[in-house]
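Below is one structure; the comments refer to it alone.
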Amino acid sequence: MFLTIWMKAQIVPSHFIPQDNTMSRPRILVINPNSNHLVTQGLEEALKPLGFAAGPEIVCETLTEGPYGIESQADVDSVAMPLRRRVESDNSSAAFVIACYSDPGLHVCREATDRPVFGIAECGVLTALARAETFGVIAIAQRSIRRHIRYLRQMGLMDRLTRERPLNMSVAETASGEGTLAKMIEVGRALKEEDGAGAIVMGCAGMARHRRPLEQALGIPVIDPTQAAVTMALGTVQFSHH
């Protein structure tokens, strides 16, 4: 009798069994290399439109051992190996996005895994080139520009750049400070009207929440590089799973 009851309990139509689909969804890990959680929260908000039920899970993470803001070459260099260790130790993510406009540790992270690793500066600029003949960049500070120009020169894209102009603010200020959007509109208008930029790339992940109002104010494409990188990661992951 007990055997009969046990056997009946096992014969359950499959459509009555709850299905956990979350385990089968590929994951895109977005790493904020600075330790400012407000920047990570801004990334999460900016990436919400890219999340859909049947698509990859997008997870944003803060590199707690990173500096509060990545604002110098020393800051960039300091997070390269911690990023590599994070990528190397991750056996579940299908793709990685390094959410800092200096693309810190991009190449050493690519050496550490056979899964795709996207840098937001590279993806942001490539997206801008698909939207306009020329582009300008809004940097957080004057000292960031030399580093960005060196990277664009390595990419062979200097002839498409009109100019890069600074806000002269910190990463923390761009993420949470008052008056950030007004300053970005001022700098963006100069890039458009004085320098001839056909598209604007926001040169810091901390600017993410300002993309839409900035684009509305300027009337030309404004690229959030993290959105651009995650969009590329989504396409790559989706096609690799279908």
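Things worth noting here:
- When peptides 96-105, 213-222 are ranked by their average number of other Cβ atoms within 10 Å per residue, the highest-first order is 96-105, 213-222.
- Amide H contacts under 5 Å for Val222, placed H, 5+ residues apart: Ile200
- Over all orientations, the chain has a Cα convex hull whose mean projected area works out to 16.5 square nanometres.
- The alpha carbons of the stretch 99-194 stretch over 42, 31, 22 Å along the principal axes, in descending order.
- Rounded FRET efficiency, nearest 0.05, which uses the C-beta distance separating Glu45 from Gln238 and R0 of 22 Å: 0.45
- Counting 0.36 nm for each residue step from Glu178 to Arg25 and taking away their Cα separation leaves a gain of 51.2 nm.
- Computed extension length for Glu186-Thr113: 22.1 nm, one decimal, from 0.36 nm per residue of separation with the Cα-Cα distance subtracted.
- Dividing the summed helix terms, -39500 (n - 2.57) for each DSSP H run of n ≥ 4, by the number of residues in the chain produces a 222 nm estimate of -13000 deg cm²/dmol to the nearest 500.
- Taking amide H as placed 1.01 Å from N in the peptide plane, the amide H of Gly69 sits under 5 Å from that of Ser35, each at least 5 places away or on another chain.
- Apportionment of accessible area to carbon and sulfur, the stretch 122-225, percent (1.4 Å): 44
- Surface analysis of the stretch 122-225 yields an accessible area of 44 Å² per residue, using protein heavy atoms and a 1.4 Å probe.
- Between the stretch 31-77 and the stretch 107-148, the Cα center-to-center distance that results, in Å: 15
- Accessible area per residue was computed with a 1.4 Å probe on protein heavy atoms; His107 scores about 120 Å².
- In plain terms, the chain from Met155 to Arg212 could stretch by 17.8 nm, reckoned as 0.36 nm per residue minus the Cα-Cα distance.
The values are calculated or read from the model by the stated rules, or taken from the named source; none is laboratory data. Quick caveat: nothing in here was measured; it's all calculated off a predicted structure. Glycine also receives a Cβ, built like all others from the backbone with ideal geometry; neighbour counts cover every protein chain displayed. Just the protein is used for accessible areas: all its heavy atoms, side chains included, with ligands, DNA and RNA removed. Shrake-Rupley method; radii C 1.70, N 1.55, O 1.52, S 1.80 Å.
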